[in-house]
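Following: one structure in structure tokens, then a few remarks.
The values are calculated or read from the model by the stated rules, or taken from the named source; none is laboratory data. Because the structure is a prediction, the values reported are computed rather than measured. Positions of Cβ are generated from backbone atoms using ideal geometry, with glycine treated the same way; all protein chains shown enter the neighbour counts.
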Amino acid sequence: MRPYQPLIRQGLTNALLVIGMVSVLSLLAVESRYGPVLVGFWIMFIGLAWIGMMLPLRGIRKKIRVAKDQELDWCRQKLKVSRDVLKSGTGGQQSIAEIIAYETMIENIRNWPFDNPTLVRFTLYLLIPLVSWLGGALVERGLDSFLS
């Protein structure tokens, strides 16, 4: 995954830029009549952030899937050969357990080239507008109660 880190960072940057735009639009929430419009913007921008995150990684995902399918096909062929050798009773050094372990390892490889910390960071990016909006509302209420 190390060679793909620049593309992952680019996807996260795209998502952060989109979320930054919705954070600025969240300033419209000061006026109560813009609330429903703001919710629509949030939903739209979450979709755009997801697309911005995934678009740079689309080609890599295809490459991973093709390589994974090739390895799984190889494993299946080797398992058939090992099974036939086992059935025929001729001694062979083909180990079915090793091939199955390798096949399981290949199946467990993710199709997308990012890990859990990247998904957590993306989720935190999505929470920026909501947290800033709630924080602004709390500060406004606090100032109102302090000044009253």
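Overview of results
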{"read-out": "Extreme residue, nearest to residue 12 (Cα to Cα), among residues of the range 105-129 that are of a type in the set (A, V, I, L, M, F, W, C) and in contact (Cβ under 8 Å) with a residue 12 or more places away in the chain", "value": "122"}
{"read-out": "Any hit, the range 23-32, residues being under 26 Å from residue 111 (Cβ atoms), of a type in the set (A, V, I, L, M, F, W, C) and surrounded by 13 or more Cβ atoms within 10 Å (Cβ to Cβ)", "value": "no"}
{"read-out": "Matching residues, the range 116-137, being under 11 Å from residue 46 (Cβ atoms) and of a type in the set (A, V, I, L, M)", "value": "126, 127, 130"}
{"read-out": "Any chance residue 132 is touching a helix residue (DSSP H, G or I) at 6+ places or on another chain (Cβ under 8 Å), more than 20 Å from residue 61 (Cβ to Cβ) and either among the hydroxyl-bearing types (Ser, Thr, Tyr) or not in a helix (DSSP H, G or I) (or both)", "value": "yes"}
{"read-out": "Any hit, the range 63-78, residues being surrounded by fewer than 14 Cβ atoms within 10 Å (Cβ to Cβ) and under 13 Å from the mean Cα position of the chain (by Cα)", "value": "no"}
{"read-out": "Selection within the range 74-129 - in contact with a Phe, Trp or Tyr (Cβ under 8 Å, 6 or more places away or on another chain) and in a helix (DSSP H, G or I)", "value": "75, 129"}
{"read-out": "Residue selected from the range 48-59 under the condition more than 16 Å from residue 20 (Cβ to Cβ) and not hydrophobic (A, V, I, L, M, F, W, C), by the criterion modelled with the lowest pLDDT", "value": "56"}
{"read-out": "Only listed residue being within 26 Å of residue 2 (Cα to Cα), modelled with pLDDT under 85 and of a type outside the set (Lys, Arg), chosen from 104, 118", "value": "118"}
{"read-out": "Exclusive hit being of a type in the set (Asp, Glu) and either modelled with pLDDT under 85 or assigned to a loop (DSSP other than H, G, I, E, B) (or both), set 140, 71", "value": "140"}
{"read-out": "Counted residues, the range 114-145 - those being surrounded by 10 or more Cβ atoms within 10 Å (Cβ to Cβ) and closer than 15 Å to residue 49 by Cα", "value": "12"}
{"read-out": "Residue among 92, 35 that alone is at pLDDT below 80, more than 25 Å from residue 13 (Cα to Cα) and touching a helix residue (DSSP H, G or I) at 6+ places or on another chain (Cβ under 6 Å)", "value": "92"}
